[in-house]
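Notes for the one structure printed next.
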Amino acid sequence: MNLILLGKPGAGKGFIADILKNEYGFYHISTGALLRKNIAEGTQLGQVANGYMAQGELVPNDLVFDMLKDEIGKMKSKNCVFDGYPRSVLQAKSLAGIVNIDSVLFVDVPDDILIERVLSRKTCLACGNLSEIGQKDTVCKKCGGELVTRADDNLEVVTNRLNVYNESTAPLKEFYADKIVVLDNSGSVEQTKQKLNQIISDLLKKYGENI
Ligand code: AMP
C-alpha cells in the first residue's frame, strides 16, 4: 500500500510517518529530510535547495523529483509512506506517473496549535528524528545525535510556509478527494495513535500490501 501524508507544516507528518515506519514497517520517504541531508553533506542539490528552504519556498520540482525517483529505487518494503511529496498538483501528477497511490492521510491541526508546535520543536541533526514537543532535550533519544531547531522553524519562515501550503499544496485535497482520510492530530499523542491504528488497519484490510 502506498500512502501520502498531507498536512500543513507542523501538523505532525513526521511523527505519523515515524509510527508507520517503526510499528507497521512502512518505507518512509521524506523529501524535506532528504533535502536537509543534502544540505548537511554540501551536495550541489543541497546548495541550490538551501536558498529555497531558508525562505520557506518550494524547491523546483525537477530537482526534488529526481531525488525522489532515486529514493523510490531503494525501496525495500511493500508499503511506502510519502511525507512532504507531493506539495502541488504538478508534483502529484509527476508521482502518478511512477507509483500508484492508494490513500492520502490528511493530518489535521488548527493553525494556532501548529505554529506553537513548530516553534517549540527540535530535530536531530544525525537521524532527522523530531524531539517531543515542549521537552528541553539537547540530545536525540533515538541515536544520541544533536537536537537543533530547524533553520526554517522560525515565525517568519513558518508564516511563509503556511502561505505556500495554502496556495500550492491545499488544492491537493481536491485532487485526491476520493482517496482522502482525515486524521485529527490536535489531541494527545495517545489519542492520535489510537485513531491512526484504526485508520491503518482499515486501509491495510482494503488495499493489502503491494505485492
Ligand atoms: P518539510 O521537512 O517537509 O517540512 O520540508 C521542508 C522544506 O523542504 C520545505 O519548506 C521546502 O522548502 C522543501 N521541500 C520539501 N519537500 C518538498 C517538495 N516536495 N517540493 C518542493 N520543496 C520541498
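Each reported figure results from applying straightforward, stated rules to the coordinates on display, with no laboratory input. Only a predicted model underlies this, so the values are computations on that prediction, with no experimental measurement involved. Note: ideal-geometry Cβ built from the backbone for every residue, glycine included; neighbour counts use all protein chains shown.
Using only Cα atoms, what Kirkwood radius does the range 128-211 have, in angstroms? Spell out each step's value before the answer.
Working: mean 1/r = 0.0607 Å⁻¹.
The answer is 16.5 Å.
Averaging the Cα positions of each part gives two centres, and for the range 1-40 and the range 168-211 these lie 13 Å apart. Counting only residues at least eight positions apart within a chain, or on another chain, the aspartates and glutamates with an alpha carbon under 18 Å from that of LYS206 are ASP102, ASP178. Each of ASP111, ASP18 has some number of other Cβ atoms within 10 Å of its Cβ, and from fewest to most they run ASP111, ASP18.
By the beta-carbon count within 10 Å of each Cβ, the least crowded to most crowded order of CYS124, CYS143, fewest first, is CYS143, CYS124.
Please name which of PRO110, VAL158, SER201 has its Cα lying farthest along the dipole of the chain towards the positive end, using unit charges on Cβ (Lys, Arg +1; Asp, Glu -1) and the Cα centre as origin. Most positive-ward Cα: SER201.
A Gaussian network model of the chain, with springs between Cα atoms under 10 Å, assigns the largest mean-square fluctuation among ILE29, ILE19, ILE98 to ILE98. The residue list ALA54, SER88, SER30 was ranked by how far each Cα lies along the charge dipole of the range 2-197 toward its positive end, using unit charges on Cβ atoms, and SER30 comes out on top.
For the chain, the average shadow cast by the Cα convex hull is 11.0 nm², which is a quarter of the hull's surface.
Ordering ILE199, ILE4 by the number of other Cβ atoms within 10 Å of each residue's own Cβ, fewest first, gives ILE199, ILE4.
Restricting to the chain, compute how many DSSP beta bridges are antiparallel as a %, nearest 5.
On the way: 4 of 21 bridges.
Here the antiparallel bridges make up roughly 20 percent for the chain.
Label-to-label distance, VAL189 versus ASN163, with points set 7 angstrom from Cα along the beta-carbon direction: 3.5 nm.
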